1. Give the angle, between 0 and 90 degrees and rounded to the nearest 10, that separates the Cα long axis of helix 65-74 from the longest principal axis of the Cα atoms of the chain.
2. Please report, to two decimal places, log10 I(q)/I(0) for the range 1-77 at q = 0.11, 0.16 Å⁻¹ as given by the Debye formula with identical point scatterers on the Cα atoms and no solvent.
3. If one takes the longest principal axis of the Cα atoms in the chain, at what angle in degrees, from 0 to 90 and to the nearest 10, does the Cα axis of helix 110-124 lie?
4. Over 22 Å between C-alpha atoms is what I'm after, so list which of K26/K164; K117/K164; K26/K50; K50/K154; K91/K164; K26/K154 land there.
5. Need the full-extension length gain, D128 to D93, defined as separation in residues times 0.36 nm minus the C-alpha distance. One decimal, nm.
6. Be a star and scan the range 65-106 for residues whose amide nitrogen sits under 18 Å from the point 7 Å along the Cα-to-Cβ vector of D155.
7. Please give the charge dipole size of the chain, origin at the Cα centre, charges +1 on K and R Cβ atoms and -1 on D and E Cβ atoms. Round to the nearest 20 debye.
8. Compute the acute angle (0 to 90°) between the alpha-carbon long axis of helix 126-142 and the principal axis of greatest extent of the alpha-carbon atoms of the chain; round to the nearest 10°.
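The values are calculated or read from the model by the stated rules, or taken from the named source; none is laboratory data. If you're wondering where the values come from, they're calculated on a predicted model, not measured in any experiment. In this analysis, Cβ positions are derived from the backbone assuming ideal geometry, glycine residues included, and neighbour counts consider all displayed protein chains. Accessible surface is based on the protein model in full, side chains and every heavy atom, while ligands, DNA and RNA are left aside. Shrake-Rupley method; radii C 1.70, N 1.55, O 1.52, S 1.80 Å.
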Amino acid sequence: MPLTSPITPYDPTWPQQYAAEEARLKPVFSSALIDIHHVGSTAVPELAAKAEIDVLAVVRSDSGLEDWSRSLATLGYRRGGDLSPGHHFFKRDVNGARTHKLHVCLEDHGEIARMLKFRDHLRQHAGDRSRYQDLKLRLERENASGIRQYLIAKDPFIRDILAKLD
């Protein structure tokens, strides 16, 4: 079964695509927004990735979630399931293809540090970046049941890297 998008070579326009989306998203969160980041594989130069821009919005409170959901819907996002308490997920497809994933996390959520540490490590360590890319490409080739299988199979690599950083 295919992933939400095929893995493609690094595209140097991904940072600009992120910047354009950041500008669209910031007003949605207004004063609740603490910070916004480009995360995921498209945020790592030279790393092959699904061409889906991952955005992490860090917020003070999620009391505006219903309003945000309505505003995000006007920008083409639809609500995904919450990934954990305080970690809300949205996705955007254009012409049937996933283009963006939005993680909205409360400011003290552990996933924030996890995403940023892993991104920053891959940006700085070519060997781990290459091993991660090889893993992703292999998992894509071997994938039989879709994105969940792919994400579960990547997780031990990510956890091992993060364990070395603590």
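1. Between the helix axis and the principal axis of the chain, the angle is about 70 degrees.
2. -0.33, -0.66
3. That works out to roughly 50 degrees.
4. Values: K26/K164 33 Å; K117/K164 11 Å; K26/K50 24 Å; K50/K154 14 Å; K91/K164 31 Å; K26/K154 30 Å.
Too far apart for the 22 Å limit: K26/K164; K26/K50; K91/K164; K26/K154.
5. Values: separation 35, 0.36 × 35 = 12.60 nm, distance 3.00 nm.
Value of the extension gain: 9.6 nm.
6. From the range 65-106, the list is 81-89.
7. 360
8. It works out to around 90 degrees.
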